[in-house]
Amino acid sequence: LPVAVIFSSPVSGWILGRWGWRVMLVAEGFLPLLWLAIWLWMIADHPHEARWISSRERDELEVTLEREAQELEPAARAPFLSTLLRPRVLLMVLIYFLLNAGNYGYLFWLPSALHSAQKLSDVLTGFLFAIPYIVTAVGMVVLSRHSDKRRERRAHVAAGLAWGGLFLLAGVLVSGTSPLISFVAIAMVGAGSYGALGPFWAIPT
């Protein structure tokens, strides 16, 4: 996700400056539909459908998945609706909703804030917008690797979200006095808020 933003931001700024936001939305909205066709054609849902691994590996994966399904705790085989209404599931839904609200706000607000703060061109805004996502990409890898190494998830999710919240607050508080320090603080936000996604999605399994 951050790598996609890094590469698309300058292009988006160029399209925006040359043809306007309508063309940008249509052009960038078409790409996921094109990718969907490639995905449906290329991606296998089950190991026995995957043509890119050997038959021995396919058989081994199928046996492993079947064994793991048999070993699941009874609660994991509960009816779908009762599983959704479990307190832990509802808590995770709430956390993920708030995490997405923050990340999408960050994604959509930052370009307009950069553009209006210094009256920058659309292309330069696109390049500056890529910088926080370079930091974000590094943060996602570092936090996920550390979580895997410690085999711990909850504290890593909490630490990532706290990191993002504190830097966002700091960026807002100093924005009136020091735009540069504010930008540096804002650039650090995604490393935590997006970094929490890896450990977060290891929890439901």
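So R150 fits all but one of (1) at pLDDT 95 or above; (2) under 26 Å from F7 (Cβ atoms); what number is the exception?
Of (1) at pLDDT 95 or above; (2) under 26 Å from F7 (Cβ atoms), only one is false for R150: (2).
Could you grab me the full set of residues in region 56-74 that are within 19 Å of T205 (Cβ to Cβ) and open to solvent by 100 Å² or more (accessible area, probe 1.4 Å)?
E66, R67, Q70, E71, E73, P74
Please work out if F97 is buried (at least 20 other Cβ atoms within 10 Å of the Cβ) and not basic (K, R).
Details: buried (at least 20 other Cβ atoms within 10 Å of the Cβ): no; not basic (K, R): yes.
No; evaluated as a whole, the condition is false for this residue.
Only one of (1) β-branched (V, I, T); (2) surrounded by fewer than 19 Cβ atoms within 10 Å (Cβ to Cβ); (3) under 22 Å from F97 (Cα atoms) is not met by V189, so which one is it?
For V189, the exception is condition (2).
Tell me the residue from F127, F183 that is modelled with pLDDT under 95, of a type outside the set (K, R), touching a Pro at 6+ places or on another chain (Cβ under 9 Å) and open to solvent by 80 Å² or more (accessible area, probe 1.4 Å), please.
F127
Can you say whether M140 is within 13 Å of the chain's Cα centre (by Cα) and either open to solvent by less than 40 Å² (accessible area, probe 1.4 Å) or at pLDDT 75 or above (or both), as far as the supplied structure shows? Write out each step before concluding.
Values: within 13 Å of the chain's Cα centre (by Cα): yes; either open to solvent by less than 40 Å² (accessible area, probe 1.4 Å) or at pLDDT 75 or above (or both): yes.
Taking the combined requirement at face value, the residue satisfies it.
Being in contact with a helix residue (DSSP H, G or I) (Cβ under 6 Å, 6 or more places away or on another chain), of a type in the set (A, V, I, L, M) and free of Cβ contacts under 8 Å to residues at least 60 places away in the same chain is true for just one of A162, A130, A170. Which residue is that?
Values: A162 fails: in contact with a helix residue (DSSP H, G or I) (Cβ under 6 Å, 6 or more places away or on another chain); A130 fails: free of Cβ contacts under 8 Å to residues at least 60 places away in the same chain.
Just a single option satisfies the conditions, and that option is A170.
Need pairs with beta-carbon distance below 8 Å; first residue farther than 18 Å from V11 by Cβ and within region 26-55, second loosely packed, with under 10 Cβ neighbours inside 10 Å; sequence gap 6+ or separate chains.
So the pair list comes out as A44/R51.
Determine, yes or no, whether R77 is over 21 Å from the mean Cα position of the chain (by Cα) and either at pLDDT 80 or above or crowded, with 18+ Cβ neighbours inside 10 Å (or both).
It is false that R77 is over 21 Å from the mean Cα position of the chain (by Cα) and either at pLDDT 80 or above or crowded, with 18+ Cβ neighbours inside 10 Å (or both).
Say we look at region 12-55 and pick out the residues that are of a type in the set (S, T, Y) and assigned to a helix (DSSP H, G or I); which of these is surrounded by the most Cβ atoms within 10 Å (Cβ to Cβ)?
S12
Restricting to region 100-123, what's the tally of residues that are over 18 Å from L1 (Cβ atoms) and either at pLDDT 95 or above or open to solvent by 80 Å² or more (accessible area, probe 1.4 Å) (or both)?
2
The values are calculated or read from the model by the stated rules, or taken from the named source; none is laboratory data. Keep in mind it's a predicted model, so treat the numbers as computed, not measured. When we count neighbours, we look across all protein chains shown, and the Cβ atoms used for this are built from the backbone with ideal geometry, even at glycine. Keep in mind that these areas ignore ligands, DNA and RNA; they rest on the heavy atoms of the full protein, side chains included. Shrake-Rupley method; radii C 1.70, N 1.55, O 1.52, S 1.80 Å.
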